[in-house]
Structures are given as structure tokens and as C-alpha cells.
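Please read the structure below before turning to the comments.
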Amino acid sequence: MQIRQGTANDLPFIRDLTKRATDSTYFIEGMGDAATATVARYVDMSTGVFENALASDNHSVIVTTQGDDLLGYVIVIHDNPEIDWIMVDPAAHGLGAGKALMIAALDALAERKPHATVRLSVVAHNERAKAFYRKFGFLVTGPIPGRDIPTVEMQRAA
């Protein structure tokens, strides 16, 4: 497994990877249309968000690959330290791709603001993701209002 900076060459793979990752985390029994609409919106936005982040001095884009396969990506925001998007192909769960991305993301954020609190958001029902983030010192700080799917913020103190 390799970790590297994202490039424009990764763009053709972002949409499909985001679809697979969001399909596995956003669907909630009984939410039907709201979950479907949210997944569709994230998938539609993903390539543009990735491309804009590549062009921004305020963002870092990091990917993990195995051979020619993109396993996941993370986008971080530096000015208000945040892990904005982290997507791992469900087929790569348990292989260390998410851990490698999280370590690289936290290192990138610490390079610019070594003592800053880092935040992220996660679907409230995604216990697997919350447990994963807790391993890195993140704690749930509360709900994020106004989302189609219940979402919580997590923070990691410096």
C-alpha cells in the first residue's frame, strides 16, 4: 500500500470510489429517499471537490493506492483544521487504508498548525466510523443541525 499526494490523474476514479463508500455508510433503514438523495449529491460533488482541493493552498489531498487501484482519499482543510472528506473503498476496509489516510491527514494538519483542534463530521448512525475516529482521539461534540441525514461533529484536541 502506498500513500501519496492526490493528483489530477486520480480524478477519473473519485466518483466511483465515493459512490461505493457512501453507499456503505449513508443508508439508514426507513430513510429511503433522503439517503438516496444525499448519496447522489455527494457522488455528484466528489470530483469537483477533489479537483478544487488539488488547486487550493488551503487543502491537502492524500490518496492511498495498491498497485494501480485507488483504495481511498482524504481532503483536509488547513485554515480551520478539518478532515473534510475521507472515503475508503469498502473492499479495502480492514486493510489499513483508512488508518494510513488518517495518520497522513493528521500529520499534514499538524505541519501547519501543530497545536490546533481538528474536527470532522460523521453520519450519526455510523458506529464503525465513530469507533475508528475515537482510536485517533476524536470525541463526539454534538449534532450538526440542518443535515438530511443525522450527523455529528467529532473533535480531537491538540
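Every read-out reported here was derived from the displayed coordinates using simple, explicitly stated rules and does not represent laboratory data. Quick caveat: nothing in here was measured; it's all calculated off a predicted structure. Cβ sites come from the backbone with ideal geometry, for glycine too, and all protein chains shown count toward neighbours.
If you take the square roots of the eigenvalues of the alpha-carbon gyration tensor of region 75-158 and sort them as a ≥ b ≥ c, do you get rounded (a/c under 1.5), prolate (a/b over b/c) or oblate? Oblate shape, in that a/c is at least 1.5 and b/c is the bigger or equal ratio. Neighbours of ASP44, meaning other residues whose beta-carbon lies under 11 angstrom from its beta-carbon, give a summed charge of +3 when Lys and Arg score +1 and Asp and Glu score -1.
Near THR141: Cβ cut-off under 11 Å, other residues only, Lys/Arg at +1 and Asp/Glu at -1. The net charge is +1. Within the chain, helices built from complete DSSP H runs that reach 15 Å or longer along their own axis (Cα positions) and carry a mean Kyte-Doolittle hydropathy of -0.5 or higher are 11-23, 32-54, 97-112. Net charge dipole, region 52-142: roughly 460 debye, given to the nearest 20, about the Cα centre with Cβ charges of +1 for Lys and Arg and -1 for Asp and Glu.
Ordering ALA91, THR65, GLY137 by the projection of their Cα atoms onto the charge dipole of the chain, which places +1 on the Cβ of Lys and Arg and -1 on the Cβ of Asp and Glu, puts GLY137 at the extreme positive end.
Summing charges over all other residues whose Cβ lies under 15 Å from the Cβ of GLY72, with Lys and Arg as +1 and Asp and Glu as -1, gives -1.
Neighbour counts of C-beta atoms inside 10 Å place VAL118, VAL140, VAL88 in the sequence VAL140, VAL118, VAL88, starting with the fewest.
Going from the fewest other Cβ atoms within 10 Å to the most, the residues LYS135, LYS113 appear in the order LYS135, LYS113. Could you point to the label whose value was computed as semi-axes √(5λ) of the Cα gyration tensor in Å for the structure here, given (i) 22, 20, 15; (ii) 30, 18, 15; (iii) 26, 22, 15? Looking at semi-axes √(5λ) of the Cα gyration tensor in Å for this model, the match is (i).
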